[in-house]
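J.: My questions will all concern the structure given below.
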Amino acid sequence: MPFQALPESVDTPAIVIDLDRLDANLRWTAELAAKAGVRLRPHTKTHKSLWLAGEQLRHGAAGITVAKLGEAEVMVEGGIDDILIAFPIVGRLKLERLGRLLQRASVYVSVDSYEAAHSLSELGEQLKLRIPLYLDVNSGLNRCGKQPGDETAELALQIAKLRGIKLAALMTHAGHAYGKSSPDDCLEVARTEAEALIESQRVLRRKGVEVNELSVGSTPTSKFIGQLAGSGITEMRPGAYVFGDGSQLYPGLIEERECAMRIVATVVSTPRPGTVIIDAGSKTLTNDISPHRSGFGLIPKHPEIRIERLSEEHGILSVPDGITFRIGDRLSIIPNHCCAVVNLHDQLIGLREGNIERMIQVNGRGQIT
């Protein structure tokens, strides 16, 4: 894909999206979920774009997931009305904002503590409704959530007694799958992720509380939802599948052709043998690193080159003998982490068959509260 062959009118660094590949990624994941009998609720923190969220819904998503209340506000303002906020809502200001959203859309909220659930229950009673909650379970990432089984069940039983909420689902996020080095390892994480929810559901059922919805997250484990068909999992929430990036490519979860995003940068200096400087630094590529490959991205045409250092506006490339560049040459880069790249930019360039078809606005950029 000739990403670097942009029209002269487009300056660099530029974030370019192959729209044909994007369409294929959206379609394939939606079909994967449908064949497994699982609802698709994609995580839009990857792109923060109203247009792209609409495309995901058009391809069969049942609703969307967001990371922050601000993202939810942007999406509701844009007409999307079925949203999971996969982050605890804590504090009076946020509860007031959530109350306004609940009067405009179907909004689910994730919790992992009685304190957060109690505050939401009070809000629900004020609004004369029961706010649907997803209870977070720790399936190995060791971020939010109690341990599966008895520990989660104990918290769920306490929450279920609250009058202003309803316990709608158990959820987890196996983000540690990104650290695995092979598809087989990721499949094992997917199975563990599912079992954490199934075990917790089983314990709750024995204690007289029925929670039918089980929601798994993470793009790496979503690739294996077909192997989990019939297990009891009802929903999946992948995000980075839309663009593809190094975090999926390096461990072999996707192929290079499945990466819809490229960062196009220009060579601005060749100060000494073996060193090339491009106009994309940490404010474009981000400082995210990968456990699978050194450097800050992959140059597909020259995988032996390493983007070894970044300052804010400079990318410093280590170039082996025999490879030369001229000032003004353009390079195409697959980033390590597409989600972080998007949040640094106001818009993405949508390319189809070498022509610019649309500018994709990052409507939720900077929405961190």
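The values are calculated or read from the model by the stated rules, or taken from the named source; none is laboratory data. Since this is a predicted model, take the numbers as computed values, not measurements. No Cβ is skipped: glycine too gets one built from the backbone with ideal geometry, and neighbour counts run over all protein chains shown.
J.: Which one of the conditions (1) in a loop (DSSP other than H, G, I, E, B); (2) in contact with a Pro (Cβ under 6 Å, 6 or more places away or on another chain) does Gln56 fail to meet, given that it meets all the rest?
T.: With respect to (1) in a loop (DSSP other than H, G, I, E, B); (2) in contact with a Pro (Cβ under 6 Å, 6 or more places away or on another chain), Gln56 is out only on (1).
J.: Could you figure out which of (1) surrounded by 15 or more Cβ atoms within 10 Å (Cβ to Cβ); (2) modelled with pLDDT of 95 or more isn't true of Leu93?
T.: Leu93 satisfies every listed condition except (1).
J.: Cβ-Cβ below 6 Å, separation at least six or inter-chain, first residue in region 238-252 and within 17 Å of Pro300 (Cβ to Cβ), second hydrophobic (A, V, I, L, M, F, W, C) and part of a helix (DSSP H, G or I): which pairs?
T.: Going by the 6 Å Cβ cut-off, the qualifying pairs are Phe243/Cys338; Asp245/Cys338.
J.: Still on this model: Within region 10-31, can one find any residue that is hydroxyl-bearing (Ser, Thr, Tyr), in contact (Cβ under 8 Å) with a residue 24 or more places away in the chain and farther than 17 Å from Gln367 by Cα?
T.: Residues of region 10-31 hydroxyl-bearing (Ser, Thr, Tyr): 12, 29.
From what is left, the residues that are in contact (Cβ under 8 Å) with a residue 24 or more places away in the chain are 12, 29.
So of that shortlist, the ones also farther than 17 Å from Gln367 by Cα come out as 12, 29.
Taking every residue of region 10-31 in turn, at least one turns out to be hydroxyl-bearing (Ser, Thr, Tyr), in contact (Cβ under 8 Å) with a residue 24 or more places away in the chain and farther than 17 Å from Gln367 by Cα.
J.: Can you find a residue in region 332-352 that is in contact (Cβ under 8 Å) with a residue 40 or more places away in the chain, surrounded by 19 or more Cβ atoms within 10 Å (Cβ to Cβ) and more than 28 Å from Ser218 (Cα to Cα)?
T.: No, region 332-352 contains no residue that is in contact (Cβ under 8 Å) with a residue 40 or more places away in the chain, surrounded by 19 or more Cβ atoms within 10 Å (Cβ to Cβ) and more than 28 Å from Ser218 (Cα to Cα).
J.: Further, regarding this structure: Do you know which residues across region 63-78 are among the small types (Gly, Ala, Ser), touching a residue at least 40 places away in the same chain (Cβ under 8 Å) and not in a helix (DSSP H, G or I)? Quick ask: steps written out before the conclusion?
T.: Residues of region 63-78 among the small types (Gly, Ala, Ser): 63, 67, 70, 72, 78.
With touching a residue at least 40 places away in the same chain (Cβ under 8 Å) added as a condition, the list becomes 63, 70, 78.
Selection gives Gly63, Gly78.
J.: Scan region 274-293 and report the pairs whose first residue is over 9 Å from Gly315 (Cβ atoms) and whose second residue is among the acidic types (Asp, Glu), with Cβ atoms within less than 7 Å and a gap of 6+ or a chain change.
T.: Partner pairs satisfying both residue conditions: Lys283/Glu312; Lys283/Glu313.
J.: Can Arg41 be described as without any contact (Cβ under 8 Å) to a residue 40 or more places away in the chain and in the same structural domain as Glu213 (by TED's automatic domain parsing)? First the steps, then the outcome.
T.: Details: without any contact (Cβ under 8 Å) to a residue 40 or more places away in the chain: no; in the same structural domain as Glu213 (by TED's automatic domain parsing): yes.
So Arg41 does not fit the description; no.
J.: Something else: Of the numbered conditions (1) in a helix (DSSP H, G or I); (2) in contact with a Pro (Cβ under 7 Å, 6 or more places away or on another chain); (3) more than 15 Å from Leu214 (Cα to Cα), Arg100 fails exactly one; give the number of that condition.
T.: (2)
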